Amino acid sequence: MESAFEKYIQSYFGIPPETVTEIISYFQPMTLGKGEYFLKEGAKCDKMGFVQSGIMREYLTEEQGREVTKWISTSGYFVVDIAAFLFNSPARWNLQALSDCELLVIHQKDYAQIGQKIPQWPELEKLFIARCFTILEQRIVTHLSLTSEERYQLFFTHHRELFNLVPLQYLASMLGMTPETFSRIRNKLAKRTS
């Protein structure tokens, strides 16, 4: 039976099942307990993970000590500091488990070998990076064109379950607002629906 990861790779890249099987053979299972780190800023990023279950937070700490959440990853998302992974630079992002997590992980050395074994890998890698860029671009457009309330409503519509599973200050940070603004919007919208 096809795993969720196999289905994801198949739909994401549109490649034949035998190529999917070969790619997946490079990934190894890994578990993280709540609070454990997949990566810490400043460290070498020598692996990329795919979240099978659980919740991961990607964040950095500013010079003033304030944490800024870039993304909350749930099942079906990759977790990696892509620049650090591809360019061997120190990691800028912390990747921390907010719950117990099960991941499938590929190490840098194995990632490099895929290109030697799968002829269409450069094209697939380009697709992967383009999708990452497209997601980032959409987030920038959302931040620039929508009000705080509109960003809240959009995120709530697509990720309602996270509002009961993730500390709200992390969601506020990811949406580019203070916890106070987030709380004010949340209360305002709750009054509308009650």
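Laboratory data are not the source of any read-out in this text; all were calculated from the coordinates shown. Just so it is clear, the model here is predicted, and its values are computed rather than measured. Positions of Cβ are generated from backbone atoms using ideal geometry, with glycine treated the same way; all protein chains shown enter the neighbour counts.
Each of A84, Q96, T61 was placed along the dipole of the chain (beta-carbon charges, centred on the mean Cα), and the one lying farthest toward the positive end is T61. Annotation: lysines with alpha-carbon distance below 29 angstrom to K40 (same-chain offsets under eight excluded): K70, K109, K126.
Which is the longest stretch in the chain that no exposed loop site breaks, taking sites as GluC sites (Glu not before Pro) with a DSSP loop state and at most 15 other Cβ atoms within 10 Å? With GluC sites (Glu not before Pro) excluded where exposed in loops, the chain gives 64-194 as its longest stretch. For S75, the residues whose modelled amide H falls within less than 5 Å of its own, excluding neighbours fewer than 5 places apart on the same chain, are G54.
The charge dipole of the chain, taken about the Cα centre with unit charges on the Cβ atoms of Lys, Arg (+1) and Asp, Glu (-1), comes to about 680 debye, rounded to the nearest 20. Model label points for K109 and E18, set 7 angstrom from Cα along the Cα-to-Cβ axis, are 2.9 nm apart. Taking the alpha carbon gyration tensor of the chain, multiplying each eigenvalue by 5 and rooting it gives semi-axes of 32, 19, 16 Å, largest first. Here the calculated FRET efficiency for E161 and E125, from their Cβ-Cβ distance with R0 = 30 Å, stands at 0.45, rounded to the nearest 0.05. In the chain, the calculated helix contribution to ellipticity at 222 nm averages -14500 deg cm²/dmol per residue, counting -39,500 (n - 2.57) for every DSSP H run with n ≥ 4.
In this simple spin-label approximation, L144 and A4 carry label points 7 Å from Cα along the Cα→Cβ vector, and these lie 3.4 nm apart.
To the nearest 0.05, how large is the calculated FRET efficiency for A190 and E36 if R₀ is 41 Å and r is the Cβ-Cβ distance? About 0.75, to the nearest 0.05.
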